[in-house]
1. Tell me, what HN-Hα J-couplings in whole Hz come from the Karplus equation 6.51 cos²θ - 1.76 cosθ + 1.60 at θ = phi - 60° for each residue of the stretch 325-333, using x for Gly and Pro?
2. So which DSSP H runs in the chain come out at 15 Å plus along the axis (Cα) with average Kyte-Doolittle of at least 0.0?
3. Starting from the Kirkwood radius over alpha-carbon pairs of the stretch 236-305, derive D by Stokes-Einstein at 20 °C in a medium of 1.002 mPa s and give it in µm² s⁻¹.
4. Scan the stretch 41-128 for trypsin sites (Lys or Arg not before Pro) in coil per DSSP, keeping those whose Cβ has at most 14 other Cβ atoms within 10 Å, and list them by number.
5. Got a sec? Which residues in the stretch 155-183 would a label at GLU131 touch, if it sits 7 Å along Cα→Cβ and we count backbone N under 16 Å?
6. Kindly provide the GluC sites (Glu not before Pro) of the stretch 159-216 that DSSP labels as loop, not H, G, I, E or B, and whose Cβ sees at most 10 other Cβ atoms within 10 Å.
7. In the stretch 122-144, whose amide N lies under 14 Å from the spot 7 Å out along Cα-to-Cβ of LEU168? List them in ranges.
8. Among the lysines in the stretch 282-352, how many pairs, 8 or more places apart or on different chains, have alpha carbons under 18 Å apart?
Amino acid sequence: MKLVNAARPAAALFSVATAVTVIFASLTGCSALGTVRQKADHAGLTYGTAIQAGDILDPDTKKFIVKNFNLIVPENTMKWANLRPTKKFWNWSDMDHMVEFAEQNRIAMKGHTFVWHQQNPPYVSGLQTREEALPLLIEQITEVMKRYRGRIREYDVANEVLNEDGTLRNTVWLRTIGPEYIDVAFKAARAADPDAKLLLNDYSNEYAGTAKGDAFYELVRGMVERGIPIDGVGLQLHMIAENPLRRDALEENIARFNALGLYVSFTEVDVRILMPVTPEKEAEQTAFYEGLLEAATGAEGAGSFILWGWRDAKSWIPATFAGYGSAHPFDVKGKQKPLYDAMVKVISNAKR
Ligand code: XIL
């Protein structure tokens, strides 16, 4: 009798504590069972996000990142136009700050990106000759990778080099240096930091049996056969909720890269919705994220899952894909969507 009575206040206290924890968890991504990041670490999953330079200046956002992710990648900070806006001026401060933040919080740091056809300053996009372009590209890669040697774990050395039909994209690098610019970039990267992992990254390359997916695979296979130093491939995975995930074609793709001795990273995950949002569309989106996370954490999985941002409030989606939005696990007010709980559940259940 006494025991029963005594249990009452304890139960009440417990439920208050539980409620506080639940509210706290929904704001910070942390629960009584540990943070999402601890769960990801336990599952052997690299679970990351793109961040903006200002994110680590804001104490709350900083805390959120530390609790939730074990890898960060600069969304824009390392891109050529931002890092080196003129040939002589290197804007190192934001990158240095991010690398320090990552180190202080035992978060892995990823670099993104050297070779790209976007976000280049005029002195790069206007290059005319191989004689100018080749040393500049090598210099860019060497300067950055030597500076952060041993501190940045992996890099997207080249990004989006293919067209939708699988041919090489007509970029300043292709026009000036020729198709071997990709090999040149990877060799320069390996020489600059032999321990960093080197990735080729692209979008619409996630499924085996598609024109771009197969061309991407053939491009990478050729690099491996020529002895070019490449360690992994990036599947960006900017996806649309209403087109269901094709797990078989994704897993077939992962398996064929693994067979080449390469690892596969899901590098820029977001799943956009054709607005307005409805419960049906949200259910499709949740299923999509769950399927991707399962593919990442499965026995033959990618093992690396990076969100291209976690919140709709700072999303690149609405400005890029007209009519689309709500692509991330946190809404425009910063509130966690049910989708995030579903993701945490997959991570919690995973063991690689
Ligand atoms: C995007 C950023 O998210 C935007 O803020 C920026 O305005 C444009 O670039 N593929 C990539 C990323 O590899 O670098 C892009 O990031 C999104 C598509």
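1. Result, rounded to whole Hz: x, 6, 8, 10, x, 10, 7, 5, 8.
2. Those that clear 15 Å and a mean of 0.0 are 2-28, 181-192, 338-349.
3. 170 µm²/s
4. LYS87, LYS88, ARG106
5. 176-177
6. Listed in order of number, the matching sites amount to none.
7. The answer is 130, 134, whose backbone nitrogens lie closer than 14 Å to the label point.
8. Final tally of qualifying lysine pairs is 5.
The values are calculated or read from the model by the stated rules, or taken from the named source; none is laboratory data. It should be emphasised that the depicted structure is a prediction, and the values quoted were computed from it without experimental measurement. Methodologically, a virtual Cβ is constructed for each residue, glycine included, from the backbone with ideal geometry; neighbour enumeration extends over all protein chains shown. To get the accessible areas, we keep the full protein, side chains included, count just its heavy atoms, and leave off ligands, DNA and RNA. Shrake-Rupley method; radii C 1.70, N 1.55, O 1.52, S 1.80 Å.
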